[in-house]
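Only one structure is covered here, and it is reproduced in the block below.
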Amino acid sequence: MAVSKTIRDLFADRRRGYCLPQGLYVDPGMLEFDMRAVFHRHWLQAGLEAELPKPGDYLTLSVGESSVVVLRNAQGAIGAFFNTCRHRGAQICRETRGHMRRLVCPYHQWSYDLSGRLAHAPFMHEIDTDAHGLLPVRVETMAGVIFICLAHSPPDFAPFRASLEPMLEPHDLRNARVAHTATWVERADWKLTMQNARECYHCRAGHPQLLLSYSDFTGSDGSADRQARLAALESRCQALRLKTGSVIGPWYEIGRFPLLEGAVSYTTDGKPAVARQLGRVGDGDVGVMWWGLQPNSFSHVVSDYGFFFQAFPTGPQETTVTGKWIVHKDAVEGVDYDRTRLLEVWTATNEQDRALVENNHRGMVSIAYQPGPYSQITEQMTMRFDEWYCAAAEAYMAAG
Ligand code: FES
Ligand SMILES: [Fe+2]
């Protein structure tokens with residue numbers, strides 16, 4: 001894609017430590033630019049292995065115009081392919097999840113085995129089946145979580161694995177299930193959604209339910225109280241052989257941080273939402289295991305459930321967000337948990353964030369908008385999102 005001078009100038013003129021220039025949110029070329037520079041080139045969290053328990057189970061994920069099918073193959077491993085038939089390009093799997101023994105194209109019934117190999121092409125006499133398999137998508141699994149990358153040469157996954165795997169493994173996400181999925185549309189550029197998702201500056205005014213259990217550790221107030229609470233969490237975790245610490249990687253951030261005193265879960269009273277715990281978490285007082293991937297996701301796992309958040313641009317100034325609530329696979333609704341209580345805090349938080357982000361968008365499109373300065377205390381993670389995004393854009397433009 002030839003990048004317009006306007007877009008190049010917008011990046012060149014950006015001021016560090018300030019939010020982005022208006023054009024990077026609203027220029028008509030930005031959607032395609034962001035898809036190519038960001039979403040086609042970087043690792044994306046695709047789901048949980050536990051969502052695909054049996055060979056032939058699949059889920060699909062739309063990355064811009066490109067649908068990807070993620071499946072469990074005949075050998076029991078996770079594979080991923082572009083969901084586009086090698087005959088005339090029809091989409092093969094049309095549901096967001098399902099099960100098939102073979103991937104059969106609904107148009108002329110070419111069929112592919114679970115390793116993506118073309119198995120049968122009716123009325124095609126001399127077809128080279130090896131040359132017409134489904135195009136593979138890079139896939140990695142770690143501690144029960146699936147990641148995909150559409151690029152031929154993805155960013156190095158190994159350092160991310162080395163940091164997250166030992167911290168996440170004890171939370172046993174391989175024995176989890178998705179208790180609820182919510183999808184909603186935000187009328188705003190995806191970068192506003194993610195900038196908002198990377199800070200808690202807005203939490204005090206914006207998230208009364210979340211703040212009944214969440215304690216903002218995204219800033220750096222350096223107070224003695226904060227240090228003492230982190231130390232107490234560390235010693236509780238050590239006793240359970242849960243790894244603590246935080247990592248700021250090139251395209252990921254990972255950490256474990258405490259909830260408010262006395263809280264063990266993201267609920268309005270701080271008590272568990274689910275009687276069946278998720279993983280090896282002792283009495284549950286182990287804070288939050290958190291990780292975020294640039295460009296578009298974050299995940300929180302507490303002692304009894306997990307919440308995964310992911311945002312994709314789906315149109316100009318339109319972002320579609322998916323939230324997943326994860327519980328132990330044997331947790332039974334109505335017995336081990338009440339659905340309303342499980343969903344309460346993050347549903348309220350997501351709805352509040354949607355309103356904040358859409359309102360940010362409404363003000364930002366004004367002729368009066370000028371990028372303002374970020375807080376060095378409470379918006380550091382948002383600044384790192386911007387730095388990562390602009391570096392990804394520069395790398396894409398430099399590659400031609
Ligand atoms: S497009 Fe798939 S079989 Fe023809
Ligand atoms: Fe928020």
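The values are calculated or read from the model by the stated rules, or taken from the named source; none is laboratory data. Note that the coordinates shown come from a computational prediction; the quantities given were computed from them, not determined experimentally. Note that each Cβ is placed from the backbone with ideal geometry, even for glycine, and that neighbours are counted across all protein chains shown. Quick note on the areas: whole protein, heavy atoms, side chains included, nothing else; ligands and nucleic acids left out. Shrake-Rupley method; radii C 1.70, N 1.55, O 1.52, S 1.80 Å.
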Does SER235 meet the test of being assigned to a helix (DSSP H, G or I) and hydroxyl-bearing (Ser, Thr, Tyr)? yes
Residue list for the range 93-107, filter: open to solvent by 60 Å² or more (accessible area, probe 1.4 Å) and farther than 17 Å from ASP57 by Cα: TYR107
Picking from ASP172, ASP130, ASP156, the residue that is in contact (Cβ under 8 Å) with a residue 40 or more places away in the chain and either among the charged types (D, E, K, R) or more than 18 Å from ALA46 (Cα to Cα) (or both) would be ASP172
Go through (1) under 30 Å from HIS328 (Cα atoms); (2) in contact with a Gly (Cβ under 8 Å, 6 or more places away or on another chain); (3) open to solvent by 10 Å² or more (accessible area, probe 1.4 Å) one by one and return the number of the condition LEU31 breaks. (1)
With the structure loaded, tell me whether ASP225 is open to solvent by 60 Å² or more (accessible area, probe 1.4 Å) and either at positive phi or assigned to a loop (DSSP other than H, G, I, E, B) (or both) or whether it fails that test. no
Would you check if there is a residue in the range 64-82 being open to solvent by less than 20 Å² (accessible area, probe 1.4 Å), within 13 Å of ligand 1 (Cβ to nearest atom) and in contact with a strand residue (DSSP E or B) (Cβ under 7 Å, 6 or more places away or on another chain)? no
Checked the range 136-164 for anything among the charged types (D, E, K, R) and either under 16 Å from the mean Cα position of the chain (by Cα) or modelled with pLDDT under 95 (or both); matches are GLU140, ARG161
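Yes or no, residue by residue, for (1) at negative phi; (2) more than 16 Å from ligand 2 (Cβ to nearest atom); (3) of a type in the set (Ser, Thr, Tyr); (4) touching a residue at least 24 places away in the same chain (Cβ under 8 Å):
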site	(1), (2), (3), (4)
VAL69	yes, yes, no, yes
ASN73	yes, yes, no, yes
THR84	yes, yes, yes, yes
CYS93	yes, yes, no, yes
ARG97	yes, yes, no, yes
MET100	yes, yes, no, yes
LEU103	yes, yes, no, yes
HIS108	yes, yes, no, no
LEU114	yes, yes, no, yes
Residue among LEU118, LEU164, LEU210, LEU150 that is surrounded by 17 or more Cβ atoms within 10 Å (Cβ to Cβ) and within 16 Å of ligand 1 (Cβ to nearest atom): LEU118
I need a count of the residues in the range 231-259 that are closer than 25 Å to ALA197 by Cβ and either loosely packed, with under 14 Cβ neighbours inside 10 Å or among the hydroxyl-bearing types (Ser, Thr, Tyr) (or both). 6
